[in-house]
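The structure under discussion appears below in the form of structure tokens.
The values are calculated or read from the model by the stated rules, or taken from the named source; none is laboratory data. Every value quoted in this text rests on a predicted model; they were computed, and no experiment measured them. Please note: Cβ atoms are built from the backbone with ideal geometry, for glycine as well, and neighbour counts cover all protein chains shown. Accessible surface is based on the protein model in full, side chains and every heavy atom, while ligands, DNA and RNA are left aside. Shrake-Rupley method; radii C 1.70, N 1.55, O 1.52, S 1.80 Å.
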Amino acid sequence: MSKIPKRLLAAGTAVATALVAVPLIATNAVAESHVDNPYAGATQYVNPTWAAAVEGAATRATDPALAAKMRQVETQPTAVWMDRISAITGNADGNGLRFHLDRALLQKQSGTPIVVNLVIYDLPGRDCYALASNGELPATAAGLARYKAEYIDAIASILADSKYAGLRIAATIEPDSLPNLVTNSSQPECQTAAPFYRDGVKYALDKLHAIPNVYNYIDAAHSGWLGWDNNAGPAAKLFAEVARSTQAGFASIDGFVTNTANTTPLEEPYLPNSSLTLNGTPIRSAKFYEWNFDFDEIDWTAHLYNLLIAEGFPASTGMLIDTSRNGWGGTARPTATSTSTDLETYINQSRVDRRNHRGAWCNPLGAGIGERPRSTPSGYPGSHLDAFVWIKPPGESDGASTDIPNDEGKRFDRMCDPTFVSPKLGNQLTGASPGAPLAGRWFESQFNELVRNAYPAIGGSTTPDQTAPSVPTGLHTTTIGDTSVALAWTASTDNVGVAGYDIYRGTTLAGSSATTSFTATGLTASTAYSFTVRAKDAAGNVSAASAALAVTTTTGSTNPPGACRVNYSANSWNTGFTGTVKVTNTATAPLANWRLVFDFANGQTLQQGWNATWTQSGTTVTAAAVPGSWNATIAPGATVEIGFNAAHTGTNNAPTAFTVNAQSCSIG
């Protein structure tokens, strides 16, 4: 559910051209060898057309301090969007590709590489799920033929000119294309576009990879779109399938770019651990995160990288994050983790992302400019970042807030309408900014807001917190059972605020807690254990371990699995269905920490579930009780009802066997 800005349809194009009028350039540049990270040790191209639009806004600003900040922003590098065939040579809305490459040669410093961020964005049936950024080419064979001959071939011919061999071209390949094939395959428009997306992306990769100084980065949506395991896994497989279809295989893709034109935060500093529980409830079950483990783009890039490597991508695969609008500063930004014990309040007071819903993509109110572009940002080793980049130039509209006739194929999307209550957003208002022009056009009021809300602040600095919380004290037990131990301790202190605690059983992480209590489960009766606790803050600083607490579980019955009965039903529609599972404990002993396992019969794909922790591996589906939840233990003769949503391809037979805690169940 990410939407894309298009290209800056420049306000002040003539001004920009006048500012940078230069003589013709002659060069005999020799292409360097293809490097692992093109951004390392390099500068990035500053688009003079966009910079002129920013300067115009600064000239019109009535607040001198705001104008000064804008003039700092205009020196930042942004991507050049090729969103129509006519954009290649230049049209009434902006200068062509050679214009930008020639200016990049002028900006290149002797002995220092320069990266030109270029967006390839004109697939047939472009943006199949939304309307604001639909394109000029239809999802037909004729549309694909034009895409190849008039668009990709024309771009590749220019990039292959030896004149530009000294530039590093980082190409963001077709935003919102392959991710739509993962999550919106039931949409008729996406079904029609799917083969053209695959073929078109393959063709672009083949043609551009053949040019030594071009680096291909595939768009990989963002954490609030693909972060769920049931989206992330299929996405990585699709990326691998497309890579294998190219002439160079995995080598045709240098990396992936996330958060393109979106506002998902780089980090959620006051929610650093999505595995935390609050009063026994996983915080990721809150409405805003909908059971997604990936709260931010650092989570998503690390998650995606591991999945890609498992699919065969090389370890050198790099990640880019678009930070142009994901700062979320301003007065609404929280300054500490919430102390509320109510889950929804805790999440809403702690998250820096101030949208109503993570699917609110169009010109969101309250957004701010994020981290400035820079190469190889440190502090995120698991994410394998090549750079922070500004793929969406701040100040460009995502889409019109009202219906505006145009000849660019862009249509009115109600997600850009601030008066629209969207079913896709849980029947909430879109939170879109009013008065927005067509996608890609200069939207000055939003640009002003982005500069005001920037985080880190424009012209300011944020000193990193390097102080760890104090060591937790007073670790003790409140209840000791045969298979579980309830622990409590005295709260730690911190110079900013304690974000949570990690609890260790010996050297093994037993779990995390946002409070000063935790119940360790899955233990063995009459067994000695040693527990310690470490406190952590939002900046990732972790305290030393508490004094160890030795505990021996009691000698009683370990709650044998007993017998069970399962009633399964499904309500199907088109390519989706809702499954309902009722689990009955037919034994005489309580069924604690139950774990239901079954296999889908026809390759169905789990999407989300409730009243349990749902996972899928291959055809095998597992639903596990959430420790400490209301249904974690099933009393003798009692029944719990759990459910899920899933997709199917036409045949949707029921599973034929179920087990609970490895014991076979009868089917009711």
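Run the numbers for Ala638 and Asn356: contour at 0.36 nm per residue of separation, minus the present Cα-Cα distance, in nm.
97.7 nm is the gain from fully extending Ala638 to Asn356.
Which of Lys207/Lys392; Lys69/Lys163; Lys69/Lys424; Lys287/Lys392 have a Cα-Cα distance over 32 Å?
Beyond 32 Å: Lys69/Lys163; Lys69/Lys424.
Can you give the accessible area per residue of the chain, in Å², using a 1.4 Å probe?
Averaged over the residues of the chain, the accessible area is 38 Å².
Could you tell me the largest-minus-smallest coordinate of the C-alpha atoms of the stretch 402-503 on each of the three principal axes, in descending order and whole angstroms?
70, 42, 20
What do you get for Rg/Rh over the stretch 564-668 if you use C-alpha atoms and the Kirkwood form of Rh?
With Rg and the Kirkwood Rh in hand, the quotient comes to 0.96.
Please give, to one decimal in nm, the separation of the simple spin-label points placed at Ile309 and Tyr529, each 7 Å out from Cα toward the Cβ.
3.0
Highest first, please rank the peptides 114-123, 241-250, 493-502 by the mean number of other Cβ atoms sitting within 10 Å of their residues.
In decreasing order of mean packing, 114-123, 241-250, 493-502 become 114-123, 493-502, 241-250.
How would you rank 101-111, 161-171, highest first, on the average number of other Cβ atoms within 10 Å across their residues?
Answer by packing, highest mean first, reads 161-171, 101-111.
Specify the angular offset, from 0 to 90 degrees and rounded to the nearest 10, of the alpha carbon long axis of helix 188-209 from the longest principal axis of the alpha carbons in the chain.
Result, in degrees: 60.
Relative contact order of the chain, please, whole-number percent, based on alpha carbon pairs below 8 angstrom and at least 6 residues apart.
Relative contact order comes out at 11 percent.
Give the lysines whose C-alpha is closer than 19 Å to that of Lys237, dropping any in the same chain fewer than 8 places away, or say none.
Within the straight-line limit of under 19 Å, Lys237 reaches these lysines: Lys202.
Computed over the Cα atoms of the chain, what is the convex hull's projected area averaged over all directions, in nm²?
Averaged projected area of the chain's Cα convex hull equals 30.3 nm².
What does the helix-only formula give at 222 nm for the chain: each DSSP H stretch with n ≥ 4 adding -39500 (n - 2.57), the total divided by the residues, and the result rounded to the nearest 500 deg cm²/dmol?
The per-residue figure over the chain is -6000 deg cm²/dmol.
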